[in-house]
Amino acid sequence: MVSKTLSKISFGLMIFFAVATDKVLAHGSVINYQTKESIEIEAKFDNGTPMKNAQVVIYSPSNPTEAWLTSNTDENGKLIFSPDFSQQGNWSVKVRSAGHGTVINIPIESPATEADNSKTPEIITSRSTPPQPLNATLTMTQKLMMATTGVWGFVGTALFFSRKKD
C-alpha cells in the first residue's frame, strides 16, 4: 500500500519536472575598463549589482601563467591598477565572486603620441556568456530519462524502507 502511494507521488513528480519550463535563476558578470595613466576596472553582475570584494587576478603579457597582481574590488566593484606599460600585449584580468566571473583581455600598445592623447578614454565591456535556461538545453528524451531515473530512485528508496525486517 505504501509503495503504491509512493509510486503515484513519484510519477506525479516525474511529470511535473518533465513539463516544468521555468528558467534557471542565475547571472553572469560584466567587466568594464578604462585606460588612462592607470587602468580602472568595474565589475558588475548582469543585473547591475557591483561585484563587491571580488577576487581579481591580473596576468602580464610576458608571463600569462603567473599572477602579476592579486587583489580585490572595492564596495563598488572597482579596482585601479597601474600596469607596466613597457610590456606590450594583452593583460588578462580575471574577476570572480560567488562562483561568477569572467576574464577580460586589455591590450596595451606602444606609448601614445600627442595626437592620440586628445582621444577620450575608450570604455570596453566584456560579458560572460549568459546562462541558458535548463529546458532550452535539454531534449525531451533527456528530460524523460532524468525523470525516469528520479522515479526509479524514489521507488527504490520506498521499497527499501517498506521491506519487512527480520
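Things worth noting here:
- Of the criteria (1) modelled with pLDDT of 80 or more; (2) surrounded by 13 or more Cβ atoms within 10 Å (Cβ to Cβ); (3) not in a loop (DSSP other than H, G, I, E, B), which one Ser126 fails: (1)
- Screening Gly101 with (1) of a type outside the set (D, E, K, R); (2) over 14 Å from Asn32 (Cα atoms); (3) out of contact with any Phe, Trp or Tyr (no Cβ under 9 Å at 6 or more places or on another chain) gives one miss only, at (2).
The values are calculated or read from the model by the stated rules, or taken from the named source; none is laboratory data. In this text the structure is predicted, and so the values were computed from the model without any measurement. Positions of Cβ are backbone-derived with ideal geometry, glycine not excepted, and every protein chain shown enters the neighbour counts.
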